[in-house]
Amino acid sequence: MNQFLYEGKAPNVKEMTEQALEAGRDVDEILQDGLIAGMSVVGEDFKYNRLYVPQVLIAARAMKAGMAVLKPLLTKSGGGRSAGTVVMGTVKGDLHDIGKNLVCMMGEGAGFEMVDLGVDTKVETFMEAAREHRAGIVGMSALLTTTMPYMKVVINAFQEEEDLRDVVICVGGAPVSEMFAEEIGADGYAADASSAIELFQKMYPVATTASV
Ligand code: B1M
């Protein structure tokens, strides 16, 4: 599956994901060892110019084909009361959405209402969505060192608004670290999608939802 993903063969990745599920493999194992592990090799070769943007794009498409098979399992929640509302987006200038999509899927699976703002998300969009959906948590994703500073722009803007000041802000993405999160004044940081869900569960009880 790693090799098919690397070569951007979406139909093969889809088929192998289905086969792995049929064979009784654990969803997390398929995600980590099949899809994410394949994408990290792509990232490594991209870094050293052994792969270029078009090849990375088709690898991303193959990854998404596998994720689409896993989606119903990742988003299947036990039902019952909503665990809370989380507004989630990749920050302005950044088009990477695979990690953010995973956080959204797993959040849904854990019973959160996930409002996905997509990529290239401006501060105004985060603010409007937090108000509209009365979100307790805003999650931001950044994959580029050049877009990470925009997280601080969003945090500052939320701090300046009385009704948004207490919304909990969580950040993540490959170049983001715990130390960076602290530096910019984020309330929480998560290194991967499952830790993001644990973080939301830990933070939600203290979150005050945005008022309209
Ligand atoms: Co881009 N890219 N890319 N890319 N790309 C990286 C990020 C890069 C590290 C590659 C490299 O050089 N090794 C590099 C950044 C270098 C840097 O900033 N220092 C890079 C670059 C340079 C670029 C372009 C500038 C290339 C160019 O045009 N010359 C360009 C920028 C476009 C833009 O955004 N404006 C670009 C474009 C692209 C594609 C469009 C081709 C494609 C994205 C497709 C898509 O997302 N739909 C792409 C891809 C696929 C990658 C790599 C290879 C893979 C990213 C990925 O999806 N990983 C990436 C290499 C890498 O990261 N090592 C790379 C899998 C995903 C599951 O992991 O997103 O880290 P990740 O998410 C994890 C955690 O980080 C965490 O949970 C997820 C699951 O565990 N997480 C959160 C993520 N968000 C969270 C939010 C939270 C919590 C946890 O909130 C609470």
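The values are calculated or read from the model by the stated rules, or taken from the named source; none is laboratory data. Remember, predicted model here, so these are calculated numbers, not experimental data. All Cβ positions, glycine included, derive from the backbone under ideal geometry; neighbour counts span all protein chains shown. Accessible surface is based on the protein model in full, side chains and every heavy atom, while ligands, DNA and RNA are left aside. Shrake-Rupley method; radii C 1.70, N 1.55, O 1.52, S 1.80 Å.
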Every residue from the stretch 81-127 that is more than 10 Å from the ligand (Cβ to nearest atom), touching a strand residue (DSSP E or B) at 6+ places or on another chain (Cβ under 7 Å) and charged (D, E, K, R): E108, E113, D116
Single unsatisfied condition, F180 versus (1) in contact with a helix residue (DSSP H, G or I) (Cβ under 6 Å, 6 or more places away or on another chain); (2) of a type in the set (A, V, I, L, M, F, W, C); (3) more than 9 Å from the ligand (Cβ to nearest atom): (1)
Top-ranked residue of the stretch 106-126 - restricted to ones that are modelled with pLDDT of 95 or more, open to solvent by less than 30 Å² (accessible area, probe 1.4 Å) and in a helix (DSSP H, G or I), ranked as nearest to V27 (Cα to Cα): F126
Near pairs, Cβ below 6 angstrom, 6+ apart or cross-chain, from the stretch 34-45 (farther than 11 Å from I98 by Cβ and more than 6 Å from the ligand (Cβ to nearest atom)) to any residue that is open to solvent by 40 Å² or more (accessible area, probe 1.4 Å) and part of a helix (DSSP H, G or I): A37/N2; G38/N2; G38/Y6; V41/Y6
All positions within the stretch 1-35 that are surrounded by 19 or more Cβ atoms within 10 Å (Cβ to Cβ) and not in a helix (DSSP H, G or I): M1, G8, K9
Leading residue by the ranking (nearest to the ligand (Cβ to nearest atom)) among those in the stretch 128-149 that are part of a helix (DSSP H, G or I) and surrounded by fewer than 21 Cβ atoms within 10 Å (Cβ to Cβ): P149
Number of the exception - A60 against (1) surrounded by fewer than 16 Cβ atoms within 10 Å (Cβ to Cβ); (2) under 20 Å from V103 (Cβ atoms); (3) not aromatic (F, W, Y): (1)
